[in-house]
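Everything on this sheet refers to the single structure shown next.
We did not get these values from a lab; they are worked out from the coordinates using the rules stated. These figures come from a predicted structure and were not determined experimentally. When we count neighbours, we look across all protein chains shown, and the Cβ atoms used for this are built from the backbone with ideal geometry, even at glycine.
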Amino acid sequence: MKNFLFTTLALLLLTFLSTCDRAHEHQEGDGHDHDLPKKEMAADDHDHAEGDDHDENHDDHGAEGGHDDHGDEGIHLTTEQIETMDIRFGDFSQMKINGYLSATATLGLPPNAYAAVSARAAGFIRNARNYVEGDYVKRGAVIAILENPEFIEHQRQYLETSAELVFLKQELDRQETLINANAGILREVQRLRSQVAAKTANVKGIQQRLQYLGIKTDELTPDNITQRITLFAPRSGYITSISLHDGLYVEPSTELMEIIDEDHLHLELDVFERDVAKLEKGQRVTYQIPALGSQRYEAEVHVIGKEFDAENKTVRVHAHLKGDQPKFIRDLFAEARIWLTDQTVQALPEAAVLRDGESSYVFIAPTQRSGDEVEFEKLLVKPGATDDGYTAVELLNPLPKGMQIVTEGAYYVYAQSQAGELEHEH
């Protein structure tokens, strides 16, 4: 038992000593200096501190004497770029520019400019002309033929009644001659006079009906009685709608086509309530129809409406067209400006004023420049009315002394500023 305990203690001691030897060899004989990292870290910290001082000195130097493009707020262009882009400089122009009211509008016609074409009697359409919507027709042009056997009866009645009237007149003349010779009977004369008057009224009535249908009674004989009448265009104008073809049975209430006369074409404007007080008869109006292109036309305020549209908060204004007129298409939308009194203002070319959201600005640059580079700045402005390519401009801040305005090519300066921003972000 004692030998077992002694042996066990001896083995534990040898194991402890072996472990200590290995640990000592690792610290002193493995080739690594375990104190070195602390020294190197201290040296690195020292070098880093010196490097920071060096960087700070470098930054200070750059701030004092260097040029950092990314730090500049201006926009830079070379003189060569300015010449290539045809950028030009100038100052405000003093000129008369009208203020204006904006309004929506449509081309319209007065009620008497529309003509509904219908038959004057019931019947069947024959020989309808090949008209389509948009065609121009002249007053009196043949539209179609209307056929109805009843026309024959009207003509027969006229010829028969006219013949009877002739006979009654002859008999009346004979009886009046007898009365004058004291050989006639007064009562017979009176009866004949009554019959002549009734027949005359009957003949006149039938005659008017035939003339209304277009049948000439002074040329009517038993040999030229007809069952057809001709339908004519009641006025000159453009066809806006048509429902006419051979074999169609129509009545006087049937509308065969609609014709409009553009001679009375006008502009109907809707002006907002807040602008009504500025309206006057005779004011110049310019308008364009987006659907027909960018051409501008002119009109003149003629009538200011007396009725207020409570839903749209507008008043209707009637304007007469002047000069060239656009093609009429009913209810076609138009954009209009009602020009106010001329006033002299400071103005710039319209393209010189740029807009950025709710803000507007112009570019300015030094009048006196040195070197090959020009720096541009933005100057906020408040734009007013635009007329004939010029915009009235009000400065929000005074124009700095020694600066001039970019009057042409402002968009190229703007494009360069955008390119500079993208480069800076990159």
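Rounded, prolate or oblate: which one fits region 246-341, using the alpha carbon gyration tensor with axes a ≥ b ≥ c (rounded when a/c is under 1.5, else prolate when a/b beats b/c, else oblate)? It is prolate, given that a/c is not under 1.5 and a/b is the larger ratio. Computed FRET efficiency, Cβ-Cβ of Arg296 and Asp263, R0 22 Å: what is it to the nearest 0.05? Computed FRET efficiency for Arg296 and Asp263: 0.50. Between Arg120 and Phe92, the simple label model (points 7 Å from Cα in the Cβ direction) yields a spacing of 7.1 nm. Put the Cα centre of region 189-261 next to the Cα centre of region 285-321 and the gap is 42 Å. The magnitude of the dipole of region 149-226, with charges of +1 and -1 set on the Cβ of Lys/Arg and Asp/Glu and taken from the Cα centre, is near 320 debye. Think of region 284-426 as a dipole: +1 on every Lys or Arg Cβ, -1 on every Asp or Glu Cβ, centred on the Cα centre; then among Val301, Thr344, Thr407, Val301 lies furthest on the positive end.
Each of Ile97, Ile338 was scored by other Cβ atoms within 10 Å of its Cβ. Listed from fewest to most, they are Ile97, Ile338.
Between the C-alpha center of region 392-407 and that of region 119-160 there is a gap of 74 Å.
Less than 18 Å from a label point 7 Å out along the Cα-to-Cβ axis of Phe272: which backbone N atoms in region 333-371 qualify, by residue? Counting backbone N atoms under 18 Å from the label point, the list is 334-340, 358-359. A cut-off under 10 angstrom between Cβ atoms defines the neighbours of Arg316, and their net charge, with Lys, Arg +1 and Asp, Glu -1, is -3. By other beta-carbon atoms within 10 Å, ranking Ile152, Ile289 with the fewest at the front produces Ile152, Ile289. May I ask for the net charge around Val137, where only other residues with Cβ less than 14 Å from the Cβ of Val137 are counted and Lys, Arg are +1 while Asp, Glu are -1? My count for the surroundings of Val137 gives -1. Does a label point 7 Å from the Cα of Gln325, set along Cα-to-beta-carbon, have any residues of region 117-158 with amide nitrogen under 16 Å, and which are they? Once the point is set 7 Å along Cα→Cβ of Gln325, 134-139 turn out to lie under 16 Å by backbone N, inside region 117-158.
Label separation (Glu133 vs Leu159): 4.5 nm, computed from points 7 Å beyond Cα along the C-beta direction.
Packing, as the average of other Cβ atoms within 10 Å across residues, places the peptides 313-325, 402-414 in the order 402-414, 313-325, highest first. Taking Cα centre as origin and charging only the Cβ of basic (Lys, Arg, +1) and acidic (Asp, Glu, -1) residues, the dipole magnitude of region 71-149 rounds to 1300 debye. Amide H contacts under 5 Å for Leu256: Val117, Ser118, Ala119, restricted to partners 5 or more places along the chain or on a different chain, H placed in the peptide plane at 1.01 Å from N. Loop-located GluC sites (Glu not before Pro) in region 315-362 (DSSP state not H, G, I, E or B) with no more than 13 neighbouring Cβ atoms inside 10 Å: Glu358.
Here the 3J(HN,Hα) profile of region 202-213, calculated from phi with Karplus coefficients 6.51, -1.76 and 1.60 at θ = phi - 60°, is 5, 4, 4, x, 5, 4, 5, 5, 5, 5, 4, 6 Hz, Gly and Pro shown as x. Assuming R0 = 51 Å, can you tell me the calculated FRET efficiency for the pair Asp246 and Asp173, based on Cβ-Cβ distance, to the nearest 0.05? After rounding to 0.05, the efficiency reads 0.50.
What does the C-alpha gyration tensor say about the overall shape of region 273-313? Classify as rounded when a/c is under 1.5, otherwise prolate if a/b is larger than b/c, or oblate. Because a/c hits 1.5 or more and a/b fails to exceed b/c, region 273-313 counts as oblate.
Taking Cβ atoms as reference points and 9 Å as the exclusive limit, the residues near Val345 contribute a net charge of 0, counting Lys and Arg as +1 and Asp and Glu as -1.
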